[in-house]
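Comments concern the structure below.
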Amino acid sequence: MGSGKTSAAIQMMNNDTEHKYIFITPFLDEIDRIKHACPNKRFFDPKNYNEEGHFTKKQDSFHDLLAKGGNIASTHALFKQSNEETRELIQAGNYVLVLDEVMDIVEYLTIKKSDKDLLFDNNLIYVDDDGYICWNNEDEKAREYDGKFNDIKNMANNRNLLFYHGTILIWTFPHSIFNAFKEVYILTYKFSGQIQKYYYDLNNIEYEYFHINHIDSSFTIQKGKSNDKEIRNRLKTLIHIYEGTLNDIGKEKYSLSNSWYEKRNQSLIRLKNNVSNYFKHKMKAKSNQIIWTTFKNYQSKISSPGYQRSFVSCNIRATNQYKDRTYLAYTTNRFMNPIVEGFFKERKIEIDQDTWATGELIQWIWRSAIRDNGQIHIYIPSQRMRDLLLSWLDE
């Protein structure tokens, strides 16, 4: 983080007179940054209206821009709607993709047993030999269907859905989209532990690692992983990890995991008091100096006056909105969703939970003042997550 990945990508795009680019980012404000930083490329972003000023879907606007062959900047949310038409337009346009941070590329969708039975019993869907859920377009009733299962219909037609353990649907981004690009650059850190890496392994998509060298105002993109030992040694002097009795709540391996939160109502009160004690008494921090996180479903259980408005999602990436914050509390113990993990394991793809969790923690910490070499103080009550951070710093 902070090595200049986006700046290097901007330099690469500005210097390239041969290719057209699609830049995909989690945040709308990054679209404006790309448009201003690459004036000669004339990046366009999909809109909810067409040239005549009439309302249109953003996906239709995206396809229209692809058909015109322009450079495009858009969001993860829109790009995740890509379908076969998107793939054909990308391939015809000879595009290069720059993906700012990995996407939520594999997700699980629960479906009620009654709805599942209805879909199968009415011959609307079937499962093919590869495990994909397919919409039965051979059947006229299914082909003409327009109702509450339209999302299932669209995803099935795009080959986005896999049936898993009888009741759960797994949404996967169509890997053919990546294959449609001339080249794909992913701007991220610790890709080796991220779900998109396992998704590439699953779909036999080859990839190479590159790193950034920053000299004066120039960036070079070089093959191989970076040797960031010097950076981590510097970070050791900037990150101050709380050690004390407030950590007693997180001694067990699965303490503060999502399942721990589900079962321990009384412990949540204790954790809330710990966070409040840490910020108000241990650190005497002001509300505008704080960021903290927990699992979204339990935000209100841990929140307290003085820091309730300083919540930052535990899976946030690629924003510098909180780079002035110096007091942090990370109250989760991260494990990949067991359904997603099981999906990969069933397909012989082994998941490294610790590497994944380390990457998630580091990405979150990097939202703070540490990104500008500021001193930070952090409360991490989970012993497992503390140990992972310390191991990374000493790696």
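Residue by residue through the stretch 153-158, what is 3J(HN,Hα) from phi via Karplus (6.51 cos²θ - 1.76 cosθ + 1.60, θ = phi - 60°)? Round to whole Hz and write x for glycine and proline.
Ordered by residue, 3J(HN,Hα) equals 4, 5, 5, 5, 5, 8 Hz.
Let's test the formula: R0 of 56 Å, r as the Cβ-Cβ distance of Asp387 and Asn137. What FRET efficiency results, to the nearest 0.05? Intermediate results must be reported in sequence, preceding the final value.
Values: r = 52 Å, r/R0 = 0.93.
My answer for the efficiency is 0.60.
Compute the length gained on full extension between Ala67 and Asn94: take 0.36 nm times their separation in residues and subtract their Cα-Cα distance, giving the result in nm to one decimal. Walk me through the intermediate numbers first.
Numbers: separation 27, 0.36 × 27 = 9.72 nm, distance 1.13 nm.
Residue separation times 0.36 nm, minus the Cα-Cα distance, leaves 8.6 nm.
Average the reciprocal distances over every distinct pair of alpha-carbons in the stretch 212-270, invert the result, and give the Kirkwood radius in Å.
Values: mean 1/r = 0.0629 Å⁻¹.
With all distinct Cα pairs of the stretch 212-270 included, I get 15.9 Å.
Can you give the alpha-carbon Rg of the stretch 23-79 over 2.2 N^0.38 Å, where N counts its residues?
Rg over 2.2 N^0.38 Å, computed on Cα atoms: 1.08.
Could you tell me the extents of the stretch 236-311's C-alpha atoms along the three principal axes, largest first, rounded to whole Å?
So the three principal-axis extents are 33, 27, 19 Å.
Within the stretch 135-179, which trypsin sites (Lys or Arg not before Pro) sit in a loop by DSSP and count at most 13 neighbouring Cβ atoms inside 10 Å?
Details: sites: Lys141, Arg143, Lys148, Lys153, Arg159; in loops: Lys148, Arg159.
Listed in order of number, the matching sites are Lys148.
How much accessible surface does Leu268 have with a 1.4 Å probe, in Å² rounded to 10?
Accessible surface of Leu268 is approximately 10 Å².
Lys and Arg at +1, Asp and Glu at -1: add these up for the other residues within a Cβ distance under 13 Å of Ser310 and post the number.
Numbers: positive: Lys280, Lys286, Arg309, Arg325, Arg367; negative: Asp324.
Charge balance near Ser310 sits at +4.
Leaving ligands and nucleic acids out of the surface, order Ile231, Ile215 by accessible area at 1.4 Å, largest first.
Most to least solvent-accessible, the answer reads Ile215, Ile231.
With a bin width of 10 angstrom, please list the P(r) values of the stretch 345-395 as percents of all Cα-Cα pairs, from the 0 bin to the one holding the largest distance.
Result, from short to long distances: 21, 48, 22, 7, 2 percent.
Which whole-Hz couplings ³J(HN,Hα) result when phi for each residue of the stretch 99-105 is put into the Karplus expression 6.51 cos²θ - 1.76 cosθ + 1.60, θ = phi - 60°, listed in order with x for Gly and Pro?
Using θ = phi - 60°, the values come out as 9, 7, 6, 5, 9, 6, 9 Hz.
Do me a favour and compute the ellipsoid semi-axes for the stretch 171-259 from its Cα gyration tensor, root of five times each eigenvalue, largest one first, whole Å.
Numbers: eigenvalues 223, 127, 17 Å².
With the √(5λ) rule applied to the stretch 171-259, the semi-axes are 33, 25, 9 Å.
Cα-Cα pairs above 16 Å in the stretch 134-195: how many percent? Don't skip to the end; give the middle numbers.
On the way: 1178 of 1891 pairs.
Of the Cα pairs, 62 percent sit more than 16 Å apart.
Does a label point 7 Å from the Cα of Arg347, set along Cα-to-beta-carbon, have any residues of the stretch 119-142 with amide nitrogen under 20 Å, and which are they?
Hits in the stretch 119-142 for Arg347 at 20 Å: 126-135.
Place a +1 charge on the Cβ of each Lys and Arg in the chain and a -1 charge on the Cβ of each Asp and Glu, then give the dipole magnitude about the Cα centre in debye, rounded to the nearest 20. Don't skip to the answer; put the middle values down first.
Values: 53 positive and 51 negative charges, 454 e Å.
Taking the Cα centre of the chain as origin, the dipole is about 2180 debye.
Starting from the Kirkwood radius over alpha-carbon pairs of the stretch 123-231, derive D by Stokes-Einstein at 25 °C in a medium of 0.890 mPa s and give it in µm² s⁻¹.
For these conditions, the coefficient is 142 µm²/s.
Helix 383-393 sits at what angle to the longest principal axis of the chain, using alpha carbons and giving 0 to 90 degrees rounded to 10?
90 degrees
As an exercise, identify the GluC sites (Glu not before Pro) in the stretch 1-60 lying in DSSP coil whose Cβ has no more than 12 other Cβ atoms within 10 Å.
Working: sites: Glu18, Glu30, Glu51, Glu52; in loops: Glu18, Glu51, Glu52.
Filter output for the stretch 1-60: Glu18, Glu51, Glu52.
Which order do Met103, Met1 take by accessible area at a 1.4 Å probe, largest first? Mind dumping the intermediate values first?
Numbers: Met103 10, Met1 35 Å².
Descending accessible area places them as Met1, Met103.
Excluding ligands and nucleic acids, what accessible area in Å² is computed for Glu230 using a 1.4 Å probe, to the nearest 10?
For Glu230, solvent-accessible area is about 150 Å².
Whole number please: convex hull volume per residue of the Cα set in the stretch 260-395, in Å³? Could you put the intermediate results ahead of the total?
Details: hull volume 16.2 nm³, N = 136.
Hull volume normalised by residue count: 119 Å³.
What percentage of the solvent-accessible surface of the chain, computed with a 1.4 Å probe over protein heavy atoms, is contributed by carbon and sulfur atoms?
On the way: 8920 of 20090 Å².
Heavy-atom surface of the chain belonging to carbon and sulfur, 1.4 Å probe: 44 percent.
Nothing charged except the Cβ atoms of Lys and Arg (+1) and of Asp and Glu (-1): what's the magnitude of the dipole of the stretch 113-245 about its Cα centre? Round to the nearest 20 debye. Provide the component values of the computation, followed by the final result.
On the way: 16 positive and 20 negative charges, 172 e Å.
Dipole of the stretch 113-245, to the nearest 20 debye: 820 debye.
Quick check for you: which residues of the stretch 313-352 have the amide N under 11 Å from the point 7 Å beyond the Cα of Lys263 toward its beta carbon?
Flagged as within label range: none.
For the chain, what does the relative contact order come out to in percent, with C-alpha contacts under 8 Å and a separation of six or more?
Details: 611 pairs, mean separation 63.7, N = 395.
RCO, the chain: 16 percent.
Testing the spin-label approximation: label points 7 Å from Cα along Cα→Cβ at Asn122 and Asp248. State their distance in nm.
In this crude label model, Asn122 to Asp248 measures out at 5.8 nm.
Which number do you get for Rg(Cα) / (2.2 N^0.38 Å) in the stretch 169-216? Intermediate values should be presented prior to the final figure.
Working: Rg = 13.0 Å, N = 48, 2.2 N^0.38 = 9.6 Å.
Normalised by 2.2 N^0.38 Å, the Cα Rg of the stretch 169-216 equals 1.36.
Per residue, how big is the convex hull around the C-alpha atoms of the stretch 1-97? Give it to me in cubic angstrom, could you?
Working: hull volume 10.3 nm³, N = 97.
So the per-residue Cα hull volume is 106 Å³.
Could you work out how much longer the chain between Lys301 and Ala77 gets when fully extended? Use 0.36 nm per residue separation minus the Cα distance between them, nm to one decimal. Working shown, then result.
Details: separation 224, 0.36 × 224 = 80.64 nm, distance 2.88 nm.
That works out to 77.8 nm of additional length.
Over the chain, average the accessible area per residue using a 1.4 Å probe and give it in Å², no decimals.
Values: 20090 Å² over 395 residues.
For the chain, the per-residue accessible area is 51 Å².
What do you get for the angle between helix 84-93 and the principal long axis of the chain? Use alpha-carbon atoms, 0 to 90 degrees, nearest ten.
90 degrees
For the stretch 300-377, divide the Cα radius of gyration by the Kirkwood radius and give the resulting Rg/Rh value with two decimals.
Values: Rg = 15.3 Å, Rh = 14.4 Å.
Taking Rg over the Kirkwood Rh, I get 1.07.
Checking the a/c ratio against 1.5 first, then a/b against b/c, what shape does the Cα gyration tensor give for the chain?
Numbers: a/c = 1.88, a/b = 1.26, b/c = 1.49.
It is oblate, given that a/c is not under 1.5 and a/b is not larger than b/c.
The values are calculated or read from the model by the stated rules, or taken from the named source; none is laboratory data. Keep in mind that what you see is a predicted model, and the values were worked out from it rather than measured. Positions of Cβ are generated from backbone atoms using ideal geometry, with glycine treated the same way; all protein chains shown enter the neighbour counts. What goes into the accessible areas is simple: the full protein's heavy atoms, side chains included, and nothing from ligands, DNA or RNA. Shrake-Rupley method; radii C 1.70, N 1.55, O 1.52, S 1.80 Å.
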